[in-house]
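The values are calculated or read from the model by the stated rules, or taken from the named source; none is laboratory data. Keep in mind that what you see is a predicted model, and the values were worked out from it rather than measured. Glycine also receives a Cβ, built like all others from the backbone with ideal geometry; neighbour counts cover every protein chain displayed. Protein only, heavy atoms only, side chains kept; ligands, DNA and RNA dropped before computing areas. Shrake-Rupley method; radii C 1.70, N 1.55, O 1.52, S 1.80 Å.
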Amino acid sequence: MNPSVTQKERIVSLDIIRGLALFGILFINVAAYQVIIEGGPKPDYSGINGVINTLIDIFVEKKFFSIFSFLFGVGFYIFASRAESRGDKPRLRFARRLCALLLIGIVHFFVFWGSILAIYAVIGFFLLPFYNAKVSTIRKWLFSIITVHVIAILIQIFLPNTGVLSIIASLLGNDTMAIFIMFLSGFLVAKADWVSHVSEFSKQLKWIQIVTLPLFIGFSIWIWFAAQGNDQNLQFILGLGVIPTTYFYLTSLFLLLENKRIAKLLKPIGRVGQMAFTNYWAQSFIGLAIISLMGLEVVSPNNVVIIATLTFLIQIFYSVIWFKFFKMGPLEKVWRFMTYGRTVTNK
């Protein structure tokens with residue numbers, strides 16, 4: 001989410017990937033829009049619903065939030081570096097931006113209990129010390145944090161109930177740490193200038209793609225059997241697969257979007273991503289409206305597919321129309337005002 005970037009400056013691939021991330025997030029959030037009441041009907045996970053639920057676990061669960069987190073890190077560097085080029089104080093300005101996001105996120109929490117915005121704002125403050133760090137230093141930090149995170153998850157799987165060690169592992173191996181890892185990954189890639197010069201770094205991207213592909217396949221198979229066997233460690237297995245799968249998705253998308261025809265074809269999805277803040281908010285309202293029209297008391301996996309697809313199609317339609325008349329989404333404009341308190345001319 002980077003509404004301070006003008007139309008000419010925008011990196012189209014980022015908008016498209018951000019739009020696709022929002023689509024993936026829908027598959028996770030839709031089921032949570034309708035709160036399950038104790039003693040009431042429960043979602044159906046038998047037959048085809050069970051298969052759909054497992055496929056969502058394999059291909060979507062945690063992965064698209066991670067893509068969104070990666071793009072947040074990219075947006076931080078783009079925002080801060082452009083603020084610095086205007087003679088602004090980049091870290092101070094971004095801190096104000098995070099405070100604004102925190103306030104908006106708290107409000108959104110009362111609309112949708114699963115909102116991630118306030119959590120993003122808090123975790124985002126941990127990126128500030130890295131702004132002036134060298135690329136090589138950030139790379140070392142990232143590798144170290146990933147290593148600790150993976151070890152922490154493995155401890156929870158293979159060494160549960162080990163007292164203090166389990167407590168430490170639960171803190172270092174949770175989703176919050178995964179979000180920060182993706183924040184830092186996006187920040188590193190943006191600072192190393194990979195995002196705006198994908199073709200120049202295609203060899204490195206292909207190498208990451210080749211390395212992460214077998215890991216993605218391996219974890220997909222593991223998740224399938226864990227889900228079918230009702231493995232109590234399923235969430236930990238999902239956590240282990242998040243980073244390699246997200247890296248595989250991202251490298252594949254960046255390389256794919258180097259094809260101008262494909263990028264042009266997916267441009268309407270980019271419009272959704274261009275006002276991601278507004279669309280993230282809008283998803284809960286649209287989703288609840290569709291659930292109400294369908295008369296659903298609970299949302300089963302097959303309903304999730306239908307509702308998520310309809311919601312996203314609606315968002316594509318109104319996002320394309322919106323940008324025919326405006327340069328920025330409504331909530332993006334609010335966030336911009338809260339960040340600057342005045343009109344800023346982009347250079």
Quiz item: THR245: part of a helix (DSSP H, G or I), hydroxyl-bearing (Ser, Thr, Tyr), closer than 29 Å to LEU313 by Cα and touching a Lys or Arg at 6+ places or on another chain (Cβ under 6 Å), yes or no?
Solution: yes
Exercise. Residues being open to solvent by less than 30 Å² (accessible area, probe 1.4 Å) and among the small types (Gly, Ala, Ser): count how many of those fall in the range 286-303.
Key: 2
Quiz prompt | Inter-residue pairs, beta-carbon under 7 Å, first within 14 Å of ALA31 (Cβ to Cβ) and in the range 288-299, second among the charged types (D, E, K, R) and exposed (fewer than 15 other Cβ atoms within 10 Å of the Cβ), 6+ apart | solution = VAL298/LYS42
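So which residues in the range 299-331 are β-branched (Val, Ile, Thr) and more than 18 Å from GLN34 (Cα to Cα)?
ILE314, ILE316, VAL320, ILE321
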Exercise. Would you confirm whether any residue within the range 23-46 is modelled with pLDDT of 85 or more, over 26 Å from ILE221 (Cα atoms) and not in a helix (DSSP H, G or I)?
Key: no
Quiz item: Taking ILE321 and the conditions (1) more than 23 Å from SER13 (Cβ to Cβ); (2) surrounded by fewer than 16 Cβ atoms within 10 Å (Cβ to Cβ), which numbered condition does it fall short on, given that it satisfies the others?
Solution: (1)
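May I ask you to verify whether SER252 is assigned to a helix (DSSP H, G or I), open to solvent by less than 20 Å² (accessible area, probe 1.4 Å), at pLDDT 95 or above and hydroxyl-bearing (Ser, Thr, Tyr)?
Judged against the criteria, SER252 is not a match.
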Practice problem: Restricting attention to the range 190-213, report how many residues are open to solvent by less than 30 Å² (accessible area, probe 1.4 Å) and within 24 Å of THR54 (Cα to Cα). | Solution: 1
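What's the total number of residues in the range 214-242 that are without any contact (Cβ under 8 Å) to a residue 24 or more places away in the chain, surrounded by fewer than 15 Cβ atoms within 10 Å (Cβ to Cβ) and either part of a helix (DSSP H, G or I) or polar (S, T, N, Q) (or both)? Break it down stepwise before answering.
Step one: of the range 214-242, the residues without any contact (Cβ under 8 Å) to a residue 24 or more places away in the chain are 214, 217-218, 221-222, 225-226, 229-232, 235.
Subsequent filtering for residues that are surrounded by fewer than 15 Cβ atoms within 10 Å (Cβ to Cβ) retains 214, 217-218, 221, 225, 229-230, 232.
Applying the additional criterion that residues be either part of a helix (DSSP H, G or I) or polar (S, T, N, Q) (or both) yields 214, 217-218, 221, 225, 230, 232.
Count: 7.
For the range 169-182, which positions are open to solvent by less than 30 Å² (accessible area, probe 1.4 Å) and either over 17 Å from THR245 (Cβ atoms) or among the small types (Gly, Ala, Ser) (or both)?
Let us first name the residues in the range 169-182 that are open to solvent by less than 30 Å² (accessible area, probe 1.4 Å), namely 169, 173, 178-182.
The answer is ALA169, GLY173, ALA178, PHE180.
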Self-check item: Residue list for the range 112-125, restricted to those being open to solvent by less than 20 Å² (accessible area, probe 1.4 Å) and under 18 Å from PHE79 (Cβ atoms)
Solution: LEU117, TYR120, ALA121, ILE123, GLY124
Quiz item: For residues in the range 126-168 being of a type in the set (Ser, Thr, Tyr) and over 20 Å from PHE219 (Cβ atoms), which is surrounded by the most Cβ atoms within 10 Å (Cβ to Cβ)?
Solution: TYR131
Exercise. Considering only the range 255-285, state which residues are open to solvent by 30 Å² or more (accessible area, probe 1.4 Å) and either within 16 Å of the chain's Cα centre (by Cα) or of a type in the set (Ser, Thr, Tyr) (or both).
Key: TRP281
